[in-house]
Amino acid sequence: MNRVEEWCVDSDFSGLRLDQAVNQKYREISRTLAQEMIKAGEILLNGATTKPGQKLKGGETVKLTLRCEEEATTIAATPLDFKILYEDKYIVVVDKPAGLVVHPGAGKEKATVVSALLGHTKLSPIGAPTRPGVVHRLDKDTSGIMVLAKTREAHRRLAEAFSGRELEKEYMAIIQGHIVNRKGRIEVAIERDKIHRKRMKATSADKGRMAVSLFEVVEYLEGATLVRVKILTGRTHQIRVHMAFTGHPLLGDTTYGGKRWQKRARHFLHSSRLAFNHPITGARIDLQAQLPEYFAAAISELRSSAAET
């Protein structure tokens, strides 16, 4: 069974965000996990759901529903048909294919990264029953490297590493047009679009959460550019929003103004490198994932077209 705890906020926590306060009060709950719990309604403020960034004044009542270690997930295992790049008893790092969602959500997808891994190994109970082991996500149509936790302690420490920006995350992307600057830094805040709730948008710093992306041109193609992007923050749709902000949306990203390429309803974004310190041993792990076949084929075709003009 789940354990429920209530906490009356004292003046020492006045002015803090709710997720920060929960992390400071309950050290075993990382800030990232607190955000997930708040969004899932597992942390209530004065009996009501709220946002992770809600500022506290003191005197409020925080109610937490803490999941028990042994709670089982309800996800049925599915075949494992993607590469495992690294695995030990604490973590597993995979090369996610484009078109596969990370975990079950509002849709009806049964095949997910989580369901495939559950047929292969155990995952951390944090996030159960629908998101066991999930520390970060990639969009459905984004391919490449992602890490999942097998144990509760590894999960907590990885979440803290992501929150503290201690990982190196690099992506390869094909963007529309020829971007003028061969290198650049995009530092633009992002917030959820209030009209189209599945979209994010660039906004002012006082309205959204600041996001930082560094890009570098790898190759100019026919009507497109292959770029390497390093993200210093991990906002939802960050690269997609930032590149659209420059006027060069991802090729195929119709959500943010990109055009379909050869009728392919999929954007060209690949998580190519992830480097981090192992959450338990501290050993440095630096992994790379090759471009998927469809991505490499698109580059070759766009390169050939450029040579012909």
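The values are calculated or read from the model by the stated rules, or taken from the named source; none is laboratory data. The shown structure was predicted, so the numbers you read here are calculated from the model rather than taken from an experiment. Methodologically, a virtual Cβ is constructed for each residue, glycine included, from the backbone with ideal geometry; neighbour enumeration extends over all protein chains shown.
For this structure, a couple of remarks:
- In summary, strands (runs of 3 or more DSSP E) completely within region 137-224 and bearing 2 or more residues that are touching a residue at least 24 places away in the same chain (Cβ under 8 Å) and under 20 Å from Arg273 (Cβ atoms) occur at 143-149, 168-176, 183-187, 212-221.
- Any hit, region 158-175, residues being closer than 24 Å to Thr254 by Cα and among the small types (Gly, Ala, Ser): yes
- Close pairs (8 angstrom Cβ cut-off, 6 or more residues apart or separate chains): not assigned by TED's automatic domain parsing to the domain that holds Gly58 in region 10-28, part of a helix (DSSP H, G or I) and at pLDDT below 90 anywhere: none
- Those residues of region 126-181 which are of a type in the set (Asp, Glu) and closer than 25 Å to Leu291 by Cβ, in sequence order: Asp139, Asp141, Glu168, Glu170
- Selection within region 29-59 - out of contact with any helix residue (DSSP H, G or I) (no Cβ under 9 Å at 6 or more places or on another chain) and closer than 23 Å to Ala149 by Cα: Lys39, Ala40, Gly41
- Matching residues in region 262-309 - criterion: being in contact with a His (Cβ under 9 Å, 6 or more places away or on another chain) and of a type in the set (A, V, I, L, M, F, W, C): Ile285, Ala289, Leu291, Phe295
- Each residue in region 222-281 was checked for being surrounded by fewer than 18 Cβ atoms within 10 Å (Cβ to Cβ) and under 15 Å from Arg199 (Cα atoms), and 4 pass.
- When each of Arg185, Arg137 is tested for being of a type outside the set (Ser, Thr, Tyr), surrounded by fewer than 20 Cβ atoms within 10 Å (Cβ to Cβ) and within 12 Å of Thr32 (Cβ to Cβ), the lone residue that passes is Arg137.
- Residue, surrounded by the fewest Cβ atoms within 10 Å (Cβ to Cβ), within region 84-130, restricted to residues that are assigned to a strand (DSSP E or B) and touching a residue at least 60 places away in the same chain (Cβ under 8 Å): Tyr86
- Candidate set from region 15-29 (those that are farther than 22 Å from Gly208 by Cα and out of contact with any Phe, Trp or Tyr (no Cβ under 9 Å at 6 or more places or on another chain)); member that is modelled with the highest pLDDT: Ile29
- Region 1-40, subset farther than 23 Å from Ala128 by Cβ and polar (S, T, N, Q), residue farthest from the chain's Cα centre (by Cα): Ser11
- Unmet requirement for Lys122, which otherwise passes all of (1) at pLDDT 95 or above; (2) more than 13 Å from Val94 (Cα to Cα); (3) more than 16 Å from the chain's Cα centre (by Cα): (1)
- The single residue among Arg228, Arg197, Arg192 that is closer than 28 Å to Glu160 by Cα, modelled with pLDDT of 95 or more and either in contact with a helix residue (DSSP H, G or I) (Cβ under 8 Å, 6 or more places away or on another chain) or among the basic types (Lys, Arg) (or both) turns out to be Arg228.
- Count - residues of region 243-267 that are of a type in the set (Gly, Ala, Ser) and outside any loop (DSSP other than H, G, I, E, B): 1
- Residue that is nearest to Phe276 (Cα to Cα), among those in region 225-241 that are part of a strand (DSSP E or B) and charged (D, E, K, R): Lys230
- Leu232 more than 14 Å from Thr142 (Cα to Cα), under 17 Å from the mean Cα position of the chain (by Cα) and of a type outside the set (Phe, Trp, Tyr): yes
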